[in-house]
1. Quick one: which of I280, I314, I327 is touching a residue at least 60 places away in the same chain (Cβ under 8 Å), in contact with a strand residue (DSSP E or B) (Cβ under 9 Å, 6 or more places away or on another chain), under 28 Å from G93 (Cα atoms) and aliphatic (A, V, I, L, M)?
2. Among (1) acidic (D, E); (2) closer than 29 Å to Q11 by Cα; (3) open to solvent by 10 Å² or more (accessible area, probe 1.4 Å), there is one condition E172 misses while meeting the rest; what is its number?
3. Provide a single number: the residues in the stretch 223-253 that are in contact with a strand residue (DSSP E or B) (Cβ under 7 Å, 6 or more places away or on another chain) and either within 12 Å of ligand 1 (Cβ to nearest atom) or not charged (D, E, K, R) (or both).
4. Taking F138, is it on the phi < 0 side of the Ramachandran plot, more than 10 Å from ligand 1 (Cβ to nearest atom), buried (at least 19 other Cβ atoms within 10 Å of the Cβ) and free of Cβ contacts under 8 Å to residues at least 40 places away in the same chain?
5. Taking the stretch 212-246 on its own, how many of its residues are open to solvent by less than 40 Å² (accessible area, probe 1.4 Å) and over 16 Å from the mean Cα position of the chain (by Cα)?
6. Evaluate the following for K159: is it among the basic types (K, R) and either more than 26 Å from A322 (Cβ to Cβ) or away from ligand 2 (no atom under 15 Å from the Cβ) (or both)?
7. List pairs: first residue in the stretch 108-124 and closer than 17 Å to E61 by Cβ and part of a loop (DSSP other than H, G, I, E, B), second residue near ligand 1 (Cβ under 8 Å from one of its atoms) and aliphatic (A, V, I, L, M) anywhere in the structure, Cβ distance under 7 angstrom, at least six positions apart or on different chains.
8. For the stretch 292-324, name all the residues that are closer than 30 Å to E187 by Cα and either within 23 Å of the chain's Cα centre (by Cα) or of a type in the set (G, A, S) (or both).
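The values are calculated or read from the model by the stated rules, or taken from the named source; none is laboratory data. These numbers were taken from a predicted model, which means no experiment stands behind them. Counting neighbours? That spans all protein chains shown, and the Cβs are built from the backbone with ideal geometry, glycine included. Protein only, heavy atoms only, side chains kept; ligands, DNA and RNA dropped before computing areas. Shrake-Rupley method; radii C 1.70, N 1.55, O 1.52, S 1.80 Å.
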Amino acid sequence: MQTRKVSFSRQVTNFYFGASFSGIKNLSSQKTTVLITDENVFAAHKKLFKGYHVIVLNGGEEYKVQATVDSIIQQLIDIKVDRSWTLIGVGGGVITDMTGYVASIFLRGISFGFLPTTLLGMVDASIGGKNGIDLGFFKNMVGTINQPHFLLYDVSFLKTLPDNEWYNGFAEIIKHAAIIDATMFKELEKGSVSFFQKNKPALQALVQRNALLKAKVVKEDEFEKGRRRLLNFGHTLGHALEKQYELMHGEAVAVGMAFAAKLSRDLLGFKSVEKLVNLIDQYHLPVSTHYDKEKAFHLLVSDKKREGEQINFILLERLGKAVSKKISLPEIYKAI
Ligand SMILES: NC(=O)c1ccc[n+]([C@@H]2O[C@H](COP(=O)([O-])OP(=O)(O)OC[C@H]3O[C@@H](n4cnc5c(N)ncnc54)[C@H](O)[C@@H]3O)[C@@H](O)[C@H]2O)c1
Ligand SMILES: [Zn+2]
C-alpha cells in the first residue's frame, strides 16, 4: 500500500493506493462508521459489508436527488449517528457525490471518506471535493465543495464492473492524457481496455497516476477559477449531447473531445487530431454521433461556462497541453 497526503485549503486528504476494503477498519471504528453503497455494489460484494452499519440505496443517476438525501439522513438518525461518526461512500460517483453531500450537511458536517468502486469514480468523481445532487433537469445543481478525509483504493472491485462502465472511465483517463500528460498518452496507445483488465499492477499504476493528476489540478485551483477548468475538456459539447441523447457520460465526452480536437486544429493549429481520435476509438468510445445541431447549440448557449457572447472552451495546443480560450458563439455555431 502507498499513502499520499494531499493538502487542500481546508482539509488534508489521505490517498491509500493499492489498499483493500479491509483497510477501512484501520481508518475508523466499525461501531461508529456507516457505509453507504448502492444495490449493485452491495449485491456483488455482500460479504465485505458484514458487521457494519450499511445504508443500501437504489443504483443510478435518477436517485441522485434530494429525496434520497432525506432518506439517508432519516436512516442516520435511526442509527443514532452523532458528530463523532464517519460516513464512507462505497460505490461509483453517484454514491460518493451523495455521501460527501450528506456528510457535509448532516449535523452541519461530519467526517467522511470514499472507497470508489468504478473506474470513473477512482480517477475522477471521488476526487476534488465537489459533491451534491441533481435537481429536475439540472445535473449537480445543489451541493458543496468539501474534501473527504481519505480515499481508499481497492481495484479488485473493478472485477465486477460491466465493460461499458470501464469505457466510461477511460474517457476521463484519455482526457487527462490529452490535456496534461503526453507520456501517459503514449502508454495508452500501447495498451487497451482488456490489457488493463488483465494486468493488475498496470491498472493500479494507471489509476494512481490519474487520481494524483486530478488531485494536483484541483489543489492548484480548488474553487475553479482557472486551471481546474482544463478538466472540462470534451465536456462542453459533451454535456449538451448527454442531456439530449441516451449517451453514457464517457461516450458524450468522447464525442466532445473529438469535436474540441478539430476545433483546436482550426483555431490553434493542433496537429494530432487523428492520434486522439484513434485513441478514443481504441478504447471502445465513439468519436462522432448524429445530433441535432440547433438543439446542441441551444444547450451550449445555456451552459454554465458561458460569459456573455462567448464560451470558455478548452482546446489543445498539442497533446498534453490544454488551454482555455474564449470563443464567440457564432464561431461555435459554425463549428458544430
Ligand atoms: N464530484 C465530481 O467531481 C464528479 C466528477 C465526475 C462525475 N461525477 C458524478 O459521478 C456520477 C457518475 O459516476 P459513475 O460513472 O461511477 O456512476 P454510478 O455511481 O452510477 O456507477 C455506475 C454503475 O456501476 C455500478 N457499479 C458501481 N461499482 C460497481 C462494481 N464495482 N461492480 C459492479 N457494478 C458497479 C453502479 O451500481 C451503477 O449502476 C455522476 O453522477 C456524475 O455527476 C462527479
Ligand atoms: Zn466527466
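1. Working: I280 fails: in contact with a strand residue (DSSP E or B) (Cβ under 9 Å, 6 or more places away or on another chain); I327 fails: under 28 Å from G93 (Cα atoms).
Matching residue, one of I280, I314, I327: I314.
2. Unmet for E172, out of (1) acidic (D, E); (2) closer than 29 Å to Q11 by Cα; (3) open to solvent by 10 Å² or more (accessible area, probe 1.4 Å): (3).
3. Step one: of the stretch 223-253, the residues in contact with a strand residue (DSSP E or B) (Cβ under 7 Å, 6 or more places away or on another chain) are 223, 229-230, 232-233, 236.
Then drop every residue that is not either within 12 Å of ligand 1 (Cβ to nearest atom) or not charged (D, E, K, R) (or both), which leaves 223, 230, 232-233, 236.
Counting residues in the stretch 223-253 that are in contact with a strand residue (DSSP E or B) (Cβ under 7 Å, 6 or more places away or on another chain) and either within 12 Å of ligand 1 (Cβ to nearest atom) or not charged (D, E, K, R) (or both) gives 5.
4. Working: on the phi < 0 side of the Ramachandran plot: yes; more than 10 Å from ligand 1 (Cβ to nearest atom): yes; buried (at least 19 other Cβ atoms within 10 Å of the Cβ): no; free of Cβ contacts under 8 Å to residues at least 40 places away in the same chain: yes.
So F138 does not fit the description; no.
5. Looking only at that region, the number is 5.
6. Yes.
7. T117/V41; T118/L161
8. N312, F313, I314, L315, L316, L319, G320, K321, A322, V323, S324
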